[in-house]
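FYI, it's all coordinate maths here, none of it is from the lab. On a predicted model such as this, the values are computed, not experimentally measured, just so you know. No Cβ is skipped: glycine too gets one built from the backbone with ideal geometry, and neighbour counts run over all protein chains shown.
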Amino acid sequence: MKLLIADDEAAPREQLAEALAAVWPQARIVAQAEHGADAWDLWLEHQPEVCFLDIRMPGLTGIEVAQRIAGSGMPTAVVFVSAYGDHALAAFDAGAVDYVVKPVQLARLAQAVARVRQRPARVDAAQLQALLAQLQPLRPPQPQSLQASVGKEVRLIPLDAVLYFESDARYTRVVYRDAGLDGPQRDALLRTPLKDWLAQLDPQQFTQVHRSVIVATRQMLSAQRDDEGCMWLRLRDSPDRLPVSRPFQPLFKGQ
Amino acid sequence: MDTALHHPLRDGNRLQRAYYRWAVPYYERLAPELRGHVEALDIALYTRQGLGTWLGALGAWAGATVGLMAAGLSLAAAAAVAALYAVSASFSMLQAWLLPEAFLAKRMALKGLAWLAFGLLAGMAGVGVGQALRNGAFEWEAYRRLFDATKLGVVLGLALICASQILAMWAVAKARRSELERERAQAQLVAERDAAAHAATEARLRLLQGQIQPHFIFNTLATLQHWVDKGDARAAGLLRELTAFLRSSTELLGQASVSLGEEVQAVRHYLSILQARLGERLVVAIDIEPALVPQPLPPGLLLTLVENAVAHGIEPKIGGGRVRVSAALTPVGWRLGVEDDGVGLAGEGGAGVGLANLRQRLQHHFAGNARFSLQPRAEGGTRACIDVEVP
């Protein structure tokens, strides 16, 4: 069994890891995330079966990460870890979403683990939506433009001109067109990793379709499956084809 | 009305009681403040102290009747006209006194004049019609003769008296209105002061419960627990800071006013705890002008601003940021500032409920000599400032 744990504070994260090792020695912690966007990225990378998510984290809240996991349709169980005060969680005590409080008590953690192992993994999207509405995560405002370095020059790229973002090692490559999308296609390098953009971009305007691709929603033209079962996305204003990985394929179910 | 109090009409003689029983349903339909006036007036009129008023009114009525008779009216006509006038005049005066707003409304004054003119014309027309009915036909000469010099004089005199009466009522209504406005302003001032005092008490209570947020405590305990379990040397320092923070903040919050120095001490403990938990994600700078240390402040104010900077600026930001707390002299007084380079204001600006409360407490504590502002910084993040003017 593969586990992922996420907490933005180091000590509680280590404590949780050690407690899990004690109550569930058969399981293996494959990733420890330091914030929400990191947790989502690591989930995409490792696709663990169980996630222990802190609720208040920078980037994405634990609830938003759980929402994305639920949207993928993959069989992953979520256990929230919270300090206190998230009263809304109490309603989910016996529901599909389990939670434990910090500092973690071994007995309570063992109980949550037992439940996760008995029950088929499922996360109720409606419950998560209700939770999220109550917690009202703080979102930094979406920037108007991006600052990208092209050679020695720093270029300002308006967000409207962006076609898509692509992960490029530790940086992010942004592909865009100037002049009301009539200009030539260009690209530039941003000094922030792609996963950190997740928290800054408006999810209505930008859609992630792959661990390393975020596309401007209004650029999405069509998705097609090839003979090997891979899905490819075609864009309105670019000849490029972008890969749609499995957790994102439910976005293009068709009717 | 408190039934336990003696009421001169309700507990008076049979006539007074009868009047009171008749009047109560009317009283009950009035606005409470108006009812007070009306009842006081009734008590003044229908008890012994009202006797003089009634005698005076009787005298005025008799005088007016005699005057009108001298002008050529018959006894009955003169008495009726004088009585009609006296009644209508006193009722309108009463209205001007009780409801100056309604009386002063532009249309009301116009309406009064229109009614006066209408009454005059209608009266004259009525006389014409009466004459025509009696004689079988309308004769202009006979009609004109009716208004000989004396009678015309009476009519015009009455009209003039009415006009001057309206003027007098207008003056009364105006004076009364300004008095009512003064009373209302006074009442509002008192209400505002009460609200500020109430907000201060409530804020202290909320601070006591909320400042020491369970979230903060349990997250800190989670770190502490881990360090204790591991025998980490940092545990002792964190425990000491947590104890010092809890002690200083609970002591602060019980007081009505604290010095900047005491408040900054609590803030230092708070930030050390967060630094222990967040590690490199939080960089702190505290820069307090030594001369300002004894300055008085409402308790918990600076702590609230620092907490907001951490909770809304630094904690939601991937990679964290810096918080700078400063107190400096300005040409007119001094300025308290809390800056962060975090994620910035999320739409709400300076209009949140917590901030309204903060402004109210500042207003209460500094009697209008302090201003609070919350602005985005050009370099990113947020700057909260309190500017205190020292008169």
Rounded to 10°, Cα long-axis angle of helix B:214-230 versus longest principal axis of chain B: 10 degrees
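Grab the beta carbon distance between residue A:171 and residue A:224, set R0 = 25 Å, and tell me the FRET efficiency rounded to 0.05.
Once the sixth-power term is evaluated, E becomes 0.30.
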With springs only between Cα atoms under 10 Å apart, run a GNM on chain A and tell me which of A:227, A:41, A:187 wobbles the most. A:227
Roughly how crowded by other chains is peptide A:193-204, in terms of the mean Cβ count from those chains within 10 Å of each of its Cβ atoms? 1
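Over all directions, the average projected area of the alpha-carbon convex hull for chain A comes to how many nm²? Each step should come with its number before you reach the end.
Working: hull surface 61.2 nm².
Result: a mean projected hull area of 15.3 nm².
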Per residue of the range B:267-272, in order, report the coupling 6.51 cos²θ - 1.76 cosθ + 1.60 (Karplus, θ = phi - 60°) as ³J(HN,Hα) in whole Hz, putting x for Gly and Pro. 4, 4, 4, 4, 5, 5
Going highest first, how would you order B:237-247, A:8-18 by mean Cβ packing within 10 Å? A:8-18, B:237-247
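So if I take the alpha carbon set of chain B, get Rg, then get Rh from the Kirkwood formula, what is the Rg over Rh ratio? Present the calculation step by step, with values, prior to reporting the outcome.
On the way: Rg = 38.1 Å, Rh = 28.6 Å.
Ratio value, two decimals: 1.33.
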Under 5 Å from the placed amide H of residue A:206, counting only residues 5+ away or on other chains, we find A:217
Summing -39500 (n - 2.57) over every DSSP H run of at least 4 in the protein assembly as shown, dividing by its residue total and rounding to the nearest 500, the 222 nm mean residue ellipticity is -16500 deg cm²/dmol
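Which of A:35, B:6, A:210 comes first, and how do the rest follow, when ranked by fewest Cβ neighbours within 10 Å?
Numbers: A:35 26, B:6 7, A:210 21.
In order of increasing Cβ crowding within 10 Å: B:6, A:210, A:35.
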In bins 5 Å wide, starting from 0, what share of all Cα pairs of the range B:288-391 does each bin hold, as a percent? 2, 12, 24, 24, 19, 12, 5, 1, 0
Report, in cubic angstrom per residue, the convex hull volume of the C-alpha atoms of the protein assembly as shown. 352 Å³
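Return A:252, B:372, A:52 ranked ascending by Cβ neighbour count within 10 Å, so the fewest neighbours appear first.
Fewest-to-most ranking of A:252, B:372, A:52: A:252, B:372, A:52.
Among B:20, B:27, rank each residue by its count of other Cβ atoms within 10 Å, from fewest to most, as a rough exposure measure. Kindly include the intermediate steps, with their values, before the conclusion.
Details: B:20 20, B:27 16.
Ordered from fewest to most neighbouring Cβ atoms within 10 Å, B:20, B:27 come out as B:27, B:20.
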Per-residue Cβ counts within 10 Å, from other chains only, averaged over B:311-323: what number is that? 4
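Can you give me the Rg/Rh ratio for the range B:206-285, using Cα atoms for both radii and the Kirkwood formula for Rh? Show your work: numbers first, answer last.
Working: Rg = 13.2 Å, Rh = 13.3 Å.
So for the range B:206-285, dividing Rg by the Kirkwood Rh gives 0.99.
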Any idea what log10 I(q)/I(0) is at q = 0.11, 0.15, 0.22 Å⁻¹ for the range A:145-251, Debye with uniform C-alpha scatterers and no solvent? -0.33, -0.60, -1.25
Which residues qualify? For residue A:164, with a placed amide H closer than 5 Å and at least 5 residues away or on another chain, they are A:175, A:216
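With a sphere of radius 15 Å drawn around the Cβ of residue A:195, what net charge do the other residues whose Cβ falls strictly inside it have (Lys, Arg +1; Asp, Glu -1)?
Working: positive: A:68, A:170, A:173, A:191, A:211, B:317; negative: A:8, A:34, A:38, A:41, A:45, A:64, A:166, A:168, A:196.
Overall, the nearby charge balance is -3.
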Cα gyration tensor category, rounded, prolate or oblate, for the range B:249-298 with a/c compared to 1.5: oblate
Can you give me the distance in nm between label points at residue A:150 and residue B:148, each placed 7 Å from the Cα along the Cα-to-Cβ direction? 11.1 nm
Can you tell me how the range B:63-133 classifies by the Cα gyration tensor, rounded, prolate or oblate, using a/c under 1.5 as the rounded cut? oblate
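Below 8 Å between Cα atoms, with a sequence gap of 6+, how large is the relative contact order for chain B in percent?
Working: 397 pairs, mean separation 37.1, N = 391.
Worked out over chain B, it gives 9 percent.
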Check residue A:33: other-chain or 5+ apart residues with amide H under 5 Å from its amide H, H built from backbone geometry? A:5, A:6, A:7
Which whole-number percentage describes the relative contact order of chain A, with Cα contacts under 8 Å and a sequence gap of 6 or more? 14 percent
Residue B:22 to residue B:75: extension gain in nm, 0.36 nm per residue of separation minus the Cα-Cα distance? 15.7 nm
At 7 Å along the Cα-to-beta-carbon direction for both residue A:246 and residue B:88, put a label point, then send me their distance in nm to one decimal. 9.8 nm
Using label points projected 7 Å from each Cα along Cα→Cβ, tell me how many nm separate residue A:119 and residue A:178, to one decimal. 5.5 nm
